[in-house]
Amino acid sequence: NWDVQPEETGVKEVEEKEPEIYTFVDEDPEFPGGYAAMMAFIQKNFNYPQVAIENNIQGKCYVKFVVKGDGTVSGVQVERGIAGCPECDKEAVRVVKLMPGWKAGKINGKSVSTLYRLPINFALE
């Protein structure tokens with residue numbers, strides 16, 4: 001049973017706390033121009049992966065990310081991807097990372113970091 005004490009250096013470690021990420025807020029974060037503008041942005045910047053076209057792969061890729069208190073998009077991840085198409089998942093993440101700053105979510109009028117989930121539909125016409 002060892003009792004190890006840290007050496008006293010006189011330097012206090014300052015713990016940088018990440019801001020809390022909220023799931024439920026009073027005002028949801030919003031893409032500039034609203035939902036329709038976000039859909040138009042995705043459609044304009046989206047490149048359907050060639051392998052998905054060739055193999056007729058369709059479906060929904062669920063992406064989650066944080067809209068920070070300053071409106072920046074960060075921590076983009078695939079929550080549930082399209083089976084058999086990692087290229088689709090990568091494309092969904094790429095497009096979300098291209099997004100401009102959002103209007104941040106708010107609690108009691110204060111901008112906060114908010115978790116946002118977005119389904120991106122892969123459909124061949």
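The values are calculated or read from the model by the stated rules, or taken from the named source; none is laboratory data. Source: prediction; values computed, not measured. Note: ideal-geometry Cβ built from the backbone for every residue, glycine included; neighbour counts use all protein chains shown. Ligands, DNA and RNA are stripped out before the accessible areas are found, and what is left, the full protein with its side chains, is counted by its heavy atoms. Shrake-Rupley method; radii C 1.70, N 1.55, O 1.52, S 1.80 Å.
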To the nearest µm²/s, what D does Stokes-Einstein give for the stretch 41-114 at 10 °C and 1.306 mPa s, using the Kirkwood radius over alpha carbon pairs as Rh? 118
The cysteines in the chain that find no other cysteine Cβ closer than 4.7 Å to their own Cβ are Cys61
Looking at this model, which pairs from Lys64/Lys110; Lys44/Lys110; Lys60/Lys110 are more than 28 angstrom apart at the alpha-carbon? Lys44/Lys110; Lys60/Lys110
Per-residue accessible area for Thr72 at 1.4 Å probe radius, Å² rounded to 10? 60
Could you tell me how many degrees, from 0 to 90 and to the nearest 10, lie between the Cα long axis of helix 35-45 and the main elongation axis, the longest principal axis, of the Cα atoms of the chain? 70
Over all pairs of distinct alpha carbons, what does the Kirkwood formula give as the hydrodynamic radius of the chain, in Å? 16.8
Find how many whole Å separate the alpha carbon centroid of the stretch 31-80 from the alpha carbon centroid of the stretch 85-106. 4
Given the options Ala36, Ala104, Ala92, state which has the largest fluctuation in a GNM of the chain using a 10 Å cut-off (strictly under) for Cα springs. Ala36
Helix-derived [θ] at 222 nm for the chain: sum -39500 (n - 2.57) over DSSP H runs of at least 4, divide by residue count, nearest 500? -6500 deg cm²/dmol
